Structure formats: C-alpha cells, structure tokens
1. Does any residue of region 16-25 turn out to be under 14 Å from the mean Cα position of the chain (by Cα), under 21 Å from Thr114 (Cβ atoms) and charged (D, E, K, R)?
2. Could you tell me which of the residues Asn117, Asn62 is in contact with a Leu (Cβ under 8 Å, 6 or more places away or on another chain), polar (S, T, N, Q) and either under 30 Å from Asp158 (Cβ atoms) or free of Cβ contacts under 8 Å to residues at least 12 places away in the same chain (or both)?
3. Quick check: is even one residue across region 102-114 more than 18 Å from Arg9 (Cβ to Cβ), at pLDDT 95 or above, of a type in the set (A, V, I, L, M) and buried (at least 22 other Cβ atoms within 10 Å of the Cβ)?
4. List pairs: first in region 22-35 and in contact (Cβ under 8 Å) with a residue 60 or more places away in the chain and farther than 13 Å from Asn78 by Cβ, second crowded, with 16+ Cβ neighbours inside 10 Å and hydrophobic (A, V, I, L, M, F, W, C), Cβ under 7 Å, 6+ apart or cross-chain?
5. So if I check each of Phe73, Phe57, which one is under 22 Å from Ala143 (Cβ atoms), free of Cβ contacts under 8 Å to residues at least 24 places away in the same chain and touching a helix residue (DSSP H, G or I) at 6+ places or on another chain (Cβ under 8 Å)?
6. Looking at (1) more than 12 Å from the chain's Cα centre (by Cα); (2) crowded, with 23+ Cβ neighbours inside 10 Å; (3) part of a helix (DSSP H, G or I), which one does Ala120 not meet, given that it meets all the others?
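The values are calculated or read from the model by the stated rules, or taken from the named source; none is laboratory data. What you see is a predicted model; the values in this text were computed from it and never measured. No Cβ is skipped: glycine too gets one built from the backbone with ideal geometry, and neighbour counts run over all protein chains shown.
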Amino acid sequence: MEQLVMRWRADDATMPDEPDWGEFVCRTYSGADEDKEKWALIIKESFGGDDWTKESFDGCMNDHGKLENDMMFIIEKNGDPAATLAVIPHWDVKEGYIHMVGCRPKYQGVGLGTRLNAAAVRCLLENGLETAYLTTDDFRIPAIKSYLRAGFYPDIKDESHRERWDKIYGIIGK
C-alpha cells in the first residue's frame, strides 16, 4: 500500500522551544562509521528486516536528496542509540524531507518522537526551509500523532487517502 504523505508549512509554524532531552543526548550525525552502525541498529529495530546496515546507509540516506550531517539527529542514552531523524533539504525549492524517523522499541513511549519532531521543525525554520513533507504508514499511530502535534497535516491525494485518514482520526479520537 502506498505510504501516506504529510506536509508542513513555515507560515503555519512557530519556533518550538529547544527540547529538554533529560537523560538523553541529541547530537548531529558525525559522518563516522560508528554513527552509521548506530543508525542501522535504530532503523533495524524500528522497522525490522536485515537490510539496514552501515553499508546501506549512504544509499538510503541520499535517495531523496543529499544528506547534510548537521541536519540528521541521533538520540542516545549513555551512548546507547535510541532514535534518529533526518531533514533532507531541497534548497532550490526551500523544502525539507523528513526521512528515516525511527525509535528503538525499548525507548518508545517516553516522548522522543515529540522531541525529535520539535528538533526537526527548529531545523527547518533555522535553515529557512518554507515547507516540508514526510511519508508514513497507517499503522504508525504514535508517530502520526506526534507529526500532527508538530504541525504536519495530511496531504490527501485521492479518495482512498481520505478514507485512510478518516480511519486514523477515528483511532486517535480527532
């Protein structure tokens, strides 16, 4: 099934506060193999499958545009990788693509998605990006709720999308 698309506009946004990471550390991608391995672990546990490796990192992370190291976030707790998100900029149209958002199961439910989305919106605004989009799956209800709180909204392309969003809104009580 085709993924759902969500969009964001700077015109509708306000700068979120800097997230309080508490016992977690948020840092940007260093470009080192160690960070690729941490990314692979996060994504493998978030999405499943064995395709996520440090060797697959470059192809995956650059398949929607060029990754900029300071626009990819890695969240850790005591050095243990917890979550990740990247903003892939398309400077020519001032648009960002929110890419490969993942959180390891043992760290889910503690608000990392909300904090990562705030960091992403801050990144978009600080870099002068006027719009952004992301793709997601219908079953990723906690992620969708977090995206909605961050100011993303559904991009309804056809009637099947409207039906899918109606079902999602029924689940989340919106």
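1. Taking region 16-25 as the starting set, the residues that turn out to be under 14 Å from the mean Cα position of the chain (by Cα) are none.
No: zero hits.
2. On the way: Asn62 fails: in contact with a Leu (Cβ under 8 Å, 6 or more places away or on another chain).
Within the list Asn117, Asn62, the selection yields Asn117.
3. yes
4. Note: pairs meeting the criteria are Cys26/Phe73; Cys26/Ile75; Cys26/Ala119.
5. Working: Phe73 fails: free of Cβ contacts under 8 Å to residues at least 24 places away in the same chain.
On inspection, the qualifying residue turns out to be Phe57.
6. (1)
Each row is one residue, and each column tells you yes or no for (1) more than 17 Å from Arg27 (Cα to Cα); (2) among the β-branched types (Val, Ile, Thr); (3) crowded, with 22+ Cβ neighbours inside 10 Å; (4) at pLDDT 95 or above.
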site	(1), (2), (3), (4)
Trp39	no, no, yes, yes
Asp50	yes, no, no, no
Phe73	no, no, no, yes
Lys77	no, no, no, yes
Val87	no, yes, yes, yes
Ala132	yes, no, yes, yes
Thr135	yes, yes, no, yes
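Results for (1) over 13 Å from the mean Cα position of the chain (by Cα); (2) loosely packed, with under 13 Cβ neighbours inside 10 Å; (3) hydroxyl-bearing (Ser, Thr, Tyr), shown as yes or no for each residue.
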position	(1), (2), (3)
Asp35	yes, no, no
Phe57	yes, no, no
Ala83	no, no, no
Val93	yes, yes, no
Ile98	no, no, no
